[in-house]
Amino acid sequence: MLKKYDLSKINWIKTNGMIPAIIQHYYSKEILMHGYMNKEALLKTKKEGLVTFYSRTKKCLWTKGHTSGNYLKVMEISTDCDYDTLLILVSSIGETCHLNNKSCFSVRKYDIDFLFDLEELIEDKKNNYINNSYTSYLYQSGIYRIAQKVGEEAIETILSAMKKDKNELINESSDLIYHLIVLLHNQDLNLTTVIENLKKRNKKII
């Protein structure tokens, strides 16, 4: 859901009517790309919930993903302390870069990043019941079924550990993590909220 933001403080005079916009992944916090917006592009972005830039070469608006289908869904917009740069947090299905990369920047990908990609896919299934996927089925079934599955997978994970069956433990842990992410998103939470809480706990322990 797009969080509300105030456009009135943006310093359009300082930026000559063109403000740089940094695009960041909502879940993984990876920087995906950057572009420029004028007032019209920003208002269109706000109205439609999809990132729209102003092309300085073609002198026109362009919505990211219009040709490729890899749209950037806006989750949150904020400015820096001088109100002359935008930070736009987005959810994206597909590659952002025209070179078929997730990001336009050469950033090393870590295995843990897959969890954020999975999380984004799960969120998409949550909002689109049209497909017949298992994830969509869970969301249609409701919180009780989702919570039940988390409980079942937790027990199966414990049992596989008690049996000292490493392969089964890996499989059951995978099922548990997947269903836990589904549960978090059902409650409008995500992995980042859990990570931030763990950071707070870690500081208290230290």
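The values are calculated or read from the model by the stated rules, or taken from the named source; none is laboratory data. Here the structure is a predicted model, which means the values were calculated and not measured. With ideal geometry, Cβ positions are generated from the backbone for all residues, glycine too; neighbour counts draw on all protein chains shown.
A few comments on the model shown:
- Cβ-Cβ under 7 Å pairs, at least 6 apart or on other chains, the stretch 75-88 side in a loop (DSSP other than H, G, I, E, B), far side among the basic types (Lys, Arg): TYR83/LYS9; ASP84/LYS14
- Looking across the stretch 70-95, the residues that are surrounded by 15 or more Cβ atoms within 10 Å (Cβ to Cβ) and among the acidic types (Asp, Glu) come down to GLU76, ASP84, GLU95.
- One residue from SER103, SER91, SER160, SER173 being of a type outside the set (Val, Ile, Thr), in contact with a helix residue (DSSP H, G or I) (Cβ under 6 Å, 6 or more places away or on another chain) and in the same structural domain as THR45 (by TED's automatic domain parsing): SER91
- Residue check, ILE195 touching a helix residue (DSSP H, G or I) at 6+ places or on another chain (Cβ under 6 Å), closer than 22 Å to VAL90 by Cα, among the β-branched types (Val, Ile, Thr) and part of a helix (DSSP H, G or I): no
- Those residues of the stretch 71-96 which are over 16 Å from the mean Cα position of the chain (by Cα) and of a type outside the set (S, T, N, Q), in sequence order: ASP80, CYS81, ASP82, TYR83, ASP84, LEU86
- Residues located in the stretch 45-104, provided they are closer than 21 Å to THR192 by Cα, among the aliphatic types (A, V, I, L, M) and out of contact with any Asp or Glu (no Cβ under 9 Å at 6 or more places or on another chain): LEU72, MET75, ILE77
- Where LEU61 falls short, out of the listed (1) of a type outside the set (Phe, Trp, Tyr); (2) in contact (Cβ under 8 Å) with a residue 60 or more places away in the chain; (3) in contact with a Lys or Arg (Cβ under 7 Å, 6 or more places away or on another chain): (2)
- Taken across the stretch 52-62, residues that are in a loop (DSSP other than H, G, I, E, B), of a type in the set (D, E, K, R), within 17 Å of the chain's Cα centre (by Cα) and at pLDDT below 95 do not occur at all.
- Residue ID - modelled with the lowest pLDDT, chosen from residues in the stretch 122-146 that are under 18 Å from GLN187 (Cβ atoms) and hydrophobic (A, V, I, L, M, F, W, C): ILE122
- Considering residues of the stretch 40-64 that are under 18 Å from HIS98 (Cα atoms) and of a type in the set (Ser, Thr, Tyr) only, the residue surrounded by the most Cβ atoms within 10 Å (Cβ to Cβ): THR52
- Test: residue in the stretch 27-39 that is surrounded by fewer than 18 Cβ atoms within 10 Å (Cβ to Cβ), out of contact with any helix residue (DSSP H, G or I) (no Cβ under 7 Å at 6 or more places or on another chain), without any contact (Cβ under 8 Å) to a residue 40 or more places away in the chain and of a type in the set (Lys, Arg): yes
- Pair list, Cβ < 8 Å and 6+ apart or interchain, from the stretch 109-121 residues that are assigned to a helix (DSSP H, G or I) to residues that are modelled with pLDDT under 75: GLU120/ILE93; LEU121/ILE93
- Qualifying positions in the stretch 130-146 - farther than 16 Å from SER174 by Cα and of a type outside the set (Phe, Trp, Tyr): ILE130, ASN131, ASN132, SER133, SER136, LEU138, GLN140, SER141, GLY142, ILE143, ARG145
- Some residue of the stretch 137-158 being touching an Asp or Glu at 6+ places or on another chain (Cβ under 7 Å), surrounded by 15 or more Cβ atoms within 10 Å (Cβ to Cβ) and either within 29 Å of GLY49 (Cβ to Cβ) or among the polar types (S, T, N, Q) (or both): yes
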